[in-house]
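A.B. asks: Before I ask anything, here is the structure I am working with.
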Amino acid sequence: MTPGRPAAAPDVADRATAGFSRGYDAQPAGRWAAPGRVNLIGEHTDYNDGFVLPFALPLRTVVAAGPQPGERWTVRSEIADRPVDFGAAEADSPGRVTGWGGYVAGVVWALREAGYAVPGARLAIASDVPLGSGLSSSAALEAAVLTALADLGGLDLPAAHRPRLAQRAENGYVGAPTGIMDQSAVLRCRAGHALFLDCRDESVEHIPFDLDAAGLAILVIDSRAPHQHADGEYASRRAACERAADLLGVPALRDVPVADLDAALDRLPDDETRRRVRHVVTENQRVRDTVELLRAGRVPEIGPLLTASHASMRDDFEITVPEVDTAVEAALAAGALGARMTGGGFGGCVLALVEAAHSDAVATAVRAAYAARGFTAPTTLTALPAPGTTRLP
Ligand code: ADP
Ligand code: MG
């Protein structure tokens, strides 16, 4: 999401290596790359035990790392002038390392808590994932560090356990209450595929999402909308869903089949609750319908499902803001096959399914619509589904 970065700017992996050799006067033992992610469809379904369908972005966070004697960790990032340095005592008390270093200390903490002998290490981080835009730079950082430490220490860490450990770093050490989607996507996604994640049992399935073969692309638009009231609104939506599940006598809204929706709505006390429930139940169904279409290779046909998801978030869940509605409308008017806000709402990013050849024209139309309304210009990225976390050669 850095359209201003000149083509000749150093690659993110080279920047991580340079950061390491400048910072530590040595060469790293290896480099590990973790992507940002977007959720194709399935919003506010995660805490309702439902379904999400993220895919990995070509934007990556790279950690260059090497060993350090003892239980000592030193971390540098492009975003900070000074390194963060901590030992076992700080790693073992959640919250002790504050700020961005907390994400790294959190990974060390989660691994040690799970009984792993984490090797001391020196790390240098570079990233093309924008921070705080909802593309999950936090999970990318955790995943890259987790994988680097696992490889450096020869830790036996099954792929299926890694998302939980990275999530624990964020929940338990940093203190950010996030679901399992981000870490699952960043660690487990595959190129050319979306990740169908069941948030109840955390099982995953790789769904073919070959945009390239279909001549399509996803345009990701950072709305640049100020994230106002997002935490409080999130908490109130979540509470409304839990209350509704109680009233309906189900463990979670995931357990309301779309075929029973009308009967369920009749049992709810007020219009607002009915609309919240309708969003979650229909959104889960839209994820399943998207997966079915992708399995059948009918990629362009998912467009209307994306657009319906947006309408549901706007009208029933009421989590959109003028900037994202403007981006969606402008993208559709410019010929996108479908468009929706992605992420928890009140800002963040919009994604549009576009003919690859039209991606720039759609981006231009969105910028024009923004300018006409006096909004801060959006940044855009044209993406194909990229690989999850890997060690670089
Ligand atoms: P998002 O995950 O949507 O980008 P978060 O607020 O969850 O937003 O995470 C952003 C935070 O993660 C940053 O404020 C910073 O503390 C940390 N972070 C992410 N990437 C980096 C990086 N490359 N270097 C240092 N800290 C980072
Ligand atoms: Mg995050």
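A.B. asks: Of the residues 169, 185, which is within 26 Å of residue 350 (Cβ to Cβ), among the aliphatic types (A, V, I, L, M) and under 18 Å from the mean Cα position of the chain (by Cα)?
C.D. replies: 185
Every residue, every condition in (1) within 25 Å of residue 28 (Cα to Cα); (2) in contact (Cβ under 8 Å) with a residue 60 or more places away in the chain; (3) within 8 Å of ligand 1 (Cβ to nearest atom), yes or no:
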residue	(1), (2), (3)
72	yes, no, no
80	yes, no, yes
85	yes, no, no
118	yes, no, no
121	yes, no, no
130	yes, yes, yes
152	yes, yes, no
159	yes, no, no
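A.B. asks: Can you tell me which of 96, 60 is among the basic types (Lys, Arg) and within 16 Å of ligand 2 (Cβ to nearest atom)?
C.D. replies: It is 60.
A.B. asks: Report, by residue number, each residue of the range 15-41 that is of a type in the set (S, T, N, Q), crowded, with 19+ Cβ neighbours inside 10 Å and part of a helix (DSSP H, G or I).
C.D. replies: Passing the criteria: only 17.
A.B. asks: In the range 307-333, how many are under 22 Å from residue 377 (Cα atoms) and of a type outside the set (D, E, K, R)?
C.D. replies: 13
A.B. asks: For the range 172-182: of the residues being at pLDDT 95 or above and under 15 Å from residue 47 (Cβ atoms), which is surrounded by the fewest Cβ atoms within 10 Å (Cβ to Cβ)?
C.D. replies: Here the answer is 181.
A.B. asks: Inspect all residues belonging to the range 119-127 and state whether any of them is within 16 Å of ligand 2 (Cβ to nearest atom) and either over 22 Å from the mean Cα position of the chain (by Cα) or crowded, with 24+ Cβ neighbours inside 10 Å (or both).
C.D. replies: Within the range 119-127, one or more residues are within 16 Å of ligand 2 (Cβ to nearest atom) and either over 22 Å from the mean Cα position of the chain (by Cα) or crowded, with 24+ Cβ neighbours inside 10 Å (or both).
A.B. asks: Sticking with this one: Give the residues of the range 348-393 that are closer than 21 Å to residue 322 by Cα, out of contact with any Asp or Glu (no Cβ under 9 Å at 6 or more places or on another chain) and part of a strand (DSSP E or B), sorted by residue number.
C.D. replies: Correct list: 351, 352, 353.
A.B. asks: Give me the pairs: first residue in the range 134-145 and closer than 20 Å to residue 350 by Cβ, second residue part of a loop (DSSP other than H, G, I, E, B) and near ligand 1 (Cβ under 6 Å from one of its atoms), beta-carbon distance under 8 Å, and six or more apart or on different chains, which are they?
C.D. replies: Note: pairs meeting the criteria are 137/131.
A.B. asks: Please determine, by comparing only the residues of the range 145-163 that are in contact with a Leu (Cβ under 9 Å, 6 or more places away or on another chain) and of a type in the set (Gly, Ala, Ser), which one is nearest to ligand 2 (Cβ to nearest atom).
C.D. replies: The qualifying residue nearest to ligand 2 (Cβ to nearest atom) is 148.
The values are calculated or read from the model by the stated rules, or taken from the named source; none is laboratory data. Only a predicted model underlies this, so the values are computations on that prediction, with no experimental measurement involved. We place every Cβ from the backbone using ideal geometry, glycine too, and count neighbours over all the protein chains shown.
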